[in-house]
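What follows is a set of notes on a single structure, which appears directly below.
Read the figures in this text as sums done on the coordinates, not as results from a lab. The model shown is predicted, which means the values in this text are computed figures rather than measured ones. Using ideal geometry, Cβ is built from the backbone for each residue, glycine included, and neighbour counts are taken over all protein chains shown.
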Amino acid sequence: MDQEKESYLFDSNEIDSSRNRSKKPASRLGVYLFSSFVFLFVLAVAAAFVLLSPEIKIWKIVVGALAALLAVSLFHIALDWEKIVILRFGKYHRTVGPGLFFVIPIIEFVTARIDQRTITTPFMAEKTLTADTVPINVDAVLFWMVWDARKATLEVQNYDLAVSWAAQTAMRDIIGRTTLATILTNREKLDAELRDTIDQKTESWGITVVSVEIRDIIIPDELQDAMSKEAQAERERNARIILTKAEKAISEMFVEVSNVYKENETALQLRVMNLVYEGVKERGGLVVVPSLFSDGFNIGLRNRLDKDIPVAEAKKELKETSE
């Protein structure tokens, strides 16, 4: 039980670390350098204007600094995978990007930068009961992307967190309606059902689900032992059935062969001789044949004895026949 708890804790820590890595933004150094360049350029122009004027006054310095700040607020850059949502007087106005775009200071402002690349979100359902009341832990990964930046900004407060909760809820619901055997044997079907269910929930947020992949299914140790014993018993049962079928087929073949030998005693004699040959051909040696067994070599004599012919006469007739 302690080992099971440690595995659950390890999976949770792994998911948290994966989320932190997925939230790490790409380098925006170029954007910051551009904003710094615009600010310094406008500030340098304003400083040159102040220094070249006949009189240097404080209000001119203040105006120059404000102009530099307004210039930084006016010019912006969106990265290639970004969409920028702009509000004007608090209402949605437009979506721009990628590349250079302009924002009217004070009147307009950037409310969100939406990443439109494929995003991975690990999630799991812990101790969830299946349709046959078996508690299991399921670990999965969700691949999704934002296709409508406007809806992702206006329709939901925190779309990445909402997607994570929607995925966990959908997984718990599907597991509760599915038996353990179906979950273990039909992962692809479960992946497709999860993808469709989550996609229906997130479509109104401007988000589409690319795929869902189940990484691991953890069942209790007691149930694992029971399933192992059941599988072993099933294999033994199949082995006995196969052996019984083979014995039945062999017995049927013996019946057919016995009918042949019954109708043709010469064939029986040849078979007896073949058995003796097979017994001595590899190592050689002397074969001592019992009297009853040797009768199989002299079918003609036995037939005459069956007809109540004297032994001497039967042997004489057999000798004449052989000559």
Determine, from the Cβ-Cβ distance of Arg187 and Thr266 and an R0 of 51 Å, the FRET efficiency 1/(1 + (r/R0)^6), rounded to the nearest 0.05. 0.20
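Run the dipole for the range 159-210 about the Cα centre, Lys and Arg Cβ at +1, Asp and Glu Cβ at -1, nothing else charged, and hand back the magnitude in debye, nearest 20.
That gives the range 159-210 a dipole magnitude of about 200 debye.
Please give the charge dipole size of the range 119-219, origin at the Cα centre, charges +1 on K and R Cβ atoms and -1 on D and E Cβ atoms. Round to the nearest 20 debye.
Values: 10 positive and 15 negative charges, 21 e Å.
Approximately 100 debye in magnitude.
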Please give me, ordered by residue number, the trypsin sites (Lys or Arg not before Pro) of the range 139-191 that lie in loop per DSSP and have at most 13 other Cβ atoms within 10 Å. Arg177
Name the residue from Thr179, Pro135, Thr120 whose Cα lies farthest towards the positive end of the charge dipole of the range 119-219, charges +1 on Cβ of Lys and Arg and -1 on Cβ of Asp and Glu. Pro135
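Do any chymotrypsin sites (Phe, Trp or Tyr not before Pro) in the range 84-116 lie in a DSSP loop with no more than 10 other beta carbon atoms within 10 Å, and if so, which?
Numbers: sites: Phe89, Tyr92, Phe101, Phe102, Phe109; in loops: Phe89.
Here the sparse-neighbourhood loop sites are Phe89.
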